[in-house]
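Right, one structure below, let's go through it.
Bear in mind these aren't lab numbers, they're just calculated from the coordinates by the rules spelled out. Predicted model, so just to flag it, every value in this text is computed and none were measured. Don't worry about glycine lacking a Cβ; one is built from the backbone with ideal geometry, like all the others, and counts go over all protein chains shown.
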Amino acid sequence: MAKLQLIAATAMGLEALAARELRQLGYTDMMVENGKITFAAEEKDICRTNLWLRTADRILVKMAEFPARTFEELFQGVKAVPWHEWIPEDGEFPVEGRSQKSLLSSVPACQAVVKKAVVEKMKQHYRKEWFPETGPRYVIEVSLLNDLATITLDTTGPSLHKRGYRKLVTEAPLKETLAAAMVMLSRWTPDRPLYDPFCGSGTIPIEAALIGWNIAPGLRRSFPSERWHRVPESMWQLAREEAIDLAKDDVKLDIFGSDIDPEAIRVAEAAVKKAGLSGEIRLETLPVSRMKPRGDYGVIVTNPPYGERLGTPKEVEAVLRQFASRLQQLPTWSTFVLSPAKHLEHLLERKADKKRKLYNGRIECQLYQYFGPRGAFEREKFERAAR
């Protein structure tokens, strides 16, 4: 089939990770920009990337890109797209939009122009004056940046962070995509313990288990493009069968989470059960002052509470100092902490080996990275294998 241009949309700061995931899936012809990776693909790759990408928000089909300084330019550019190749007579095609640093700054007006242009093109092909829009859903997005219009179709629907395992949430939950990114950046491997002492609704432990077992994160959810004639059911079936075959659920995992809030642990336990991971993740109600990592050469990946999630700045500092005290007793462990606190290194009494800017929603944070003695861990593994 002819090549398509697909776009993996991401949160700021996660572009490089999503690009790495795409390369691991076999895609090489790509361009990485702020908030997105554009890559060459085929229809079947709509299925594979929606099922497999852990750090992307959605997969879009790039339909057109052209300068648009006037509504007439926008109308003609959209009308030139062969919409009938994707949208059937009864297809539902709402239009969403956004505009930054562009002369066409009214998003509702741009949406109306795009809708009119698509309808006119559909009229020409189907020779009809009215479309019921009762069939499969095709969300069209017009994105204007510096007077350049990008027109896309959304294949994903609800964001890819909605894996399907979390029905209830705690206050200020961490998105699954960001949790997966933190685990991926931590250098954790399934043969090492992983612990989250501020686990909240359990997102980091669950994402780690999905990575450890190589479970495609989109396997338990549906997508609007499953009803598209361009992406037939057989493609989805093959992609899901591939994902099931590649799962490694016989790997023993040592993943543990704790939180001071018993309600958070209840929510986490429900999510773990929904994800099918009850036997692999241990959860316990514990204050951080009593956190109990088990084993050596493990990895702590965590997002400590802050702001309204805990209380006053003094309470936040007290908890982080307790956390620091416990870390001093774990000399072989690596620690990765996501926080907006500018003075986190001071509170933890240690300068981070590396920092990486990430966004938790709209909150700018740093992932403070403290690397443990990896070389010693590798030597221990070799000695165990030799015995």
As I understand it, the dipole of segment 139-247 uses +1 on the Cβ of Lys and Arg and -1 on the Cβ of Asp and Glu, about the Cα centre. Which of ILE215, PRO205, THR150 lies farthest toward its positive end? PRO205
Can you tell me the order of 323-329, 190-196 when each peptide is scored by its average per-residue count of other Cβ atoms within 10 angstrom, highest first? 190-196, 323-329
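If packing is taken as the mean number of other Cβ atoms within 10 Å per residue, what is the order of 207-219, 43-55, 330-342, highest first? Show your work: numbers first, answer last.
Values: 207-219: 22.3, 43-55: 24.0, 330-342: 19.2.
Result, highest mean first: 43-55, 207-219, 330-342.
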How much length would be gained if the chain were fully extended between ASN146 and SER159, taking 0.36 nm per residue of separation minus their Cα-Cα distance, in nm to one decimal? 2.1 nm
Report the FRET efficiency, 1/(1 + (r/R0)^6), for PHE75 and ARG137, where r is their Cβ-Cβ distance and R0 is 25 Å, rounded to 0.05. 0.60
Rounded to one decimal in nm, the spacing of the 7 Å Cα→Cβ label points at GLU92 and TRP130 is 1.9
Euclidean distance between Cα centres, segment 226-282 to segment 1-76, Å: 25
Suppose R0 equals 41 Å. What FRET efficiency, 1/(1 + (r/R0)^6) with r the Cβ-Cβ distance, do LYS3 and LYS342 give to the nearest 0.05? 0.35
Please report the base-10 log of the normalised intensity I(q)/I(0) for segment 4-154, using a Debye sum with one equal scatterer per alpha carbon and no solvent, at each q in 0.15 (1/Å). -0.81
Mean Cβ count within 10 Å, highest first, over the residues of peptides 228-237, 293-302: 293-302, 228-237
Can you give the calculated 222 nm mean residue ellipticity of the chain, where each DSSP H run of n ≥ 4 adds -39,500 (n - 2.57) and the sum is split over every residue, rounded to the nearest 500 deg cm²/dmol? -10500 deg cm²/dmol
